[in-house]
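The values are calculated or read from the model by the stated rules, or taken from the named source; none is laboratory data. Note that this is a predicted model, so its numbers are computed, not measured. Neighbour counts are summed over all protein chains in view; Cβ atoms, including those assigned to glycine, are modelled from backbone coordinates with ideal geometry. With ligands, DNA and RNA removed, areas are computed over all heavy atoms of the protein, side chains included. Shrake-Rupley method; radii C 1.70, N 1.55, O 1.52, S 1.80 Å.
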Amino acid sequence: MELAIGQYHRLGYITIWNKICPPLKGIGYSMLIINLYVLSYYNTIIAWSVHYCLASFRAIVPWTFCKNEWNTPHCYSLHDQQTLKIIHNASCSSADEYFERRMLKSHLSPSINQLGSLQWELVGCSMIVFLLIYLSIFKGVKTAGKAIWFTALIPYAVLIILLLRSLTLDGIFEGLKYYVAPSFQRLTEYSVWQAAAVQIFFSLGPGFGVLLSYASFSDSHDNVEGTALIASLVNCSTSLLYGTVVFAGLGYLSYRLKTDVRQFTESNMGLVFVVYPEILTAIRGAPFFSILFFIMLLTLGLDSVFAGAESIYTAISDEFPILARRPRLSRACVVLVPFLASIPTLTHGGKFIVQFMDFFGTSPSIMFIVLCELIATVWLYGMDQFSSNVESMTGKKPSIYWRVTCRYIAPFILFVLYVCSFIQFDSQEFASFGQGNTAIKVSIAGWSISTLSMLPIPIYACWYLCFRREKNDIKQTTTTTTVAGSMSNKENEPFI
């Protein structure tokens, strides 16, 4: 749906709602806020990948052994049989202590209330990330398109290399068995469905405006139905490939430690920055494979964020054409603002801010935004009009599958997920932010941030219906005859 309306109307994700459903133009501003949220914390995670990648350029990666100044007496290493014999509940792996005590230095910040001082090492890594983002978008889709050839293809090459290496390890089938064996009982848990939805939103991009913006640059007669199917299949296949590589490694790690695979799957960031780096230390040629792994993470992250950054510029420059007069300066501001907003995530307690933004910044607000987007397009703009637009571009109307999915199935699923996000609130995950008064303050701040990204939709709708409707009705008689002509002319114009 996003590919179709973006390709037909050829506008950024704010201005496009003037053509589809003017009262719900707030959807575009909500998308803008969501993108700024993501850029303000997700780039810090990419900066962590930069740190690990640079740290891997040595004969022995620094998280291999425990005999370092940041390690504690409870540290154990896969390469030290003496420490492996005394593993207990209080033990931490050398990779875990490197992540927590060396890179993040989170032991200097006991809670989200005490963030500590800036870590200039991570500030430098973050500056590298934002510089790469700017270099990828400073000339618009021309440079972004060239960058995608690198950032999109490199991860596949790395994944294949890591997969082939993983197949030579002992115990991998236990990890793969855990990966593919279904657990039907967990389908009754809301958190599983929410995680699946958020995964799709982040990896495929609906609701962030990226698909809308990039589709506006496509040829007006591209087959959007085929593009949507190919993109979805490639996206899910890539996730399956990545999961195969990771869980093969987890099987090997559980074999070495004689433990259950399940205990390594409890955390999110820890799986990438603790567990898998620990697996890599046990492989011959660990520095080489570590460099490959973190280059893959870096390119995957950049592939997501520079698309989001370019979509922000496309949206605001289309809505406010004065910004298009100096595109490079405007794009620099698009990069600079999230960098300044990310500074709290670069402190000793930065991981708390990252977890906070990841928990509240996108879900459930992204579900609400996409739900409104579906209602505006297929119910208010109209499925018949939408189908006619697709037919004018591709020569045929969307199949019954697309029409039923967009009109009934997708809105129903999103509505259920959105309502359940309040009914089945994950208090266990929230407990990591603190207890008592701290928990109350964090809860208020978190739901305020989540609500802020949704507020533009009702606020703009009320403002439009109260102040703009009458004015637009007067203008309607003078613009009706020119809309079709302007759209046909715009088709061959360069899009700003």
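Being crowded, with 22+ Cβ neighbours inside 10 Å and either part of a helix (DSSP H, G or I) or modelled with pLDDT of 85 or more (or both) is a property that does not hold for Met127. If the condition is being more than 14 Å from Ser136 (Cα to Cα) and open to solvent by 40 Å² or more (accessible area, probe 1.4 Å), then region 289-315 contributes only Ile295. Assess whether Ile230 counts as being open to solvent by 20 Å² or more (accessible area, probe 1.4 Å) and in a helix (DSSP H, G or I). Here the answer is yes, as Ile230 does meet what is asked. Looking at the structure I just gave you, is Thr238 free of Cβ contacts under 8 Å to residues at least 40 places away in the same chain and among the polar types (S, T, N, Q)? Answer is no for this residue.
Within region 50-62, residues that are farther than 13 Å from Leu280 by Cα have Cβ atoms under 7 Å from residues that are assigned to a loop (DSSP other than H, G, I, E, B) in these pairs: Ala55/Val61; Ala55/Pro62, counting only partners at least 6 apart in sequence or on another chain. Tell me, yes or no, whether region 100-108 has at least one residue that is touching a residue at least 40 places away in the same chain (Cβ under 8 Å), surrounded by 21 or more Cβ atoms within 10 Å (Cβ to Cβ) and closer than 30 Å to Leu340 by Cβ. Yes, because at least one residue in region 100-108 is touching a residue at least 40 places away in the same chain (Cβ under 8 Å), surrounded by 21 or more Cβ atoms within 10 Å (Cβ to Cβ) and closer than 30 Å to Leu340 by Cβ. Annotation: Asn18 fulfils all but one of (1) open to solvent by 10 Å² or more (accessible area, probe 1.4 Å); (2) in a loop (DSSP other than H, G, I, E, B); the unmet one is (2). Suppose the filter is of a type in the set (Phe, Trp, Tyr), assigned to a helix (DSSP H, G or I) and within 17 Å of the chain's Cα centre (by Cα); does Tyr252 pass it? Judged against the criteria, Tyr252 is not a match. Residues in region 321-345 that are under 19 Å from the mean Cα position of the chain (by Cα) and open to solvent by less than 30 Å² (accessible area, probe 1.4 Å): Val334, Val335, Pro338, Ser342, Thr345. Does Lys19 meet the test of being farther than 17 Å from Gly207 by Cβ and not β-branched (Val, Ile, Thr)? Taking the combined requirement at face value, the residue satisfies it. Restricting attention to region 217-227 and to residues that are open to solvent by 30 Å² or more (accessible area, probe 1.4 Å) and part of a helix (DSSP H, G or I), the residue that is farthest from Ile161 (Cα to Cα) turns out to be Glu225.
Candidates Ile366, Ile283, Ile279: the one that is in contact with a Phe, Trp or Tyr (Cβ under 9 Å, 6 or more places away or on another chain), open to solvent by less than 10 Å² (accessible area, probe 1.4 Å) and either free of Cβ contacts under 8 Å to residues at least 40 places away in the same chain or not in a helix (DSSP H, G or I) (or both) is Ile279.
I'm told Cys75 meets every condition in (1) touching a helix residue (DSSP H, G or I) at 6+ places or on another chain (Cβ under 9 Å); (2) over 21 Å from Phe264 (Cα atoms) except one. Can you identify the failing condition by its number? Here Cys75 clears every test but (2).
Of Asp318, Asp358, all but one fail to be closer than 18 Å to Lys19 by Cβ, open to solvent by 20 Å² or more (accessible area, probe 1.4 Å) and modelled with pLDDT under 95; the exception is Asp318.
Within region 396-435, the set of residues being open to solvent by 50 Å² or more (accessible area, probe 1.4 Å) and at pLDDT below 85 comprises Phe422, Ile423, Gln424, Phe425, Asp426, Ser427, Gln428, Glu429, Ser432, Gln435.
Residues considered: Ile27, Ile33. Of these, the only one that is in a helix (DSSP H, G or I), open to solvent by less than 10 Å² (accessible area, probe 1.4 Å), under 26 Å from Phe320 (Cβ atoms) and out of contact with any strand residue (DSSP E or B) (no Cβ under 7 Å at 6 or more places or on another chain) is Ile27. Of everything listed in (1) out of contact with any Leu (no Cβ under 8 Å at 6 or more places or on another chain); (2) charged (D, E, K, R); (3) in contact (Cβ under 8 Å) with a residue 24 or more places away in the chain, the single unmet condition for Glu391 is (3). Of the residues making up region 233-258, those that are open to solvent by less than 50 Å² (accessible area, probe 1.4 Å) and of a type in the set (Ser, Thr, Tyr) are Thr238, Ser239, Thr244, Tyr252, Ser254.
Count of region 148-199 residues, restricted to those that are part of a loop (DSSP other than H, G, I, E, B) and open to solvent by less than 50 Å² (accessible area, probe 1.4 Å), is 2. Phe65 meets all of the listed conditions (1) open to solvent by 10 Å² or more (accessible area, probe 1.4 Å); (2) within 27 Å of His107 (Cβ to Cβ); (3) in contact with a Cys (Cβ under 7 Å, 6 or more places away or on another chain) but one, namely (3).
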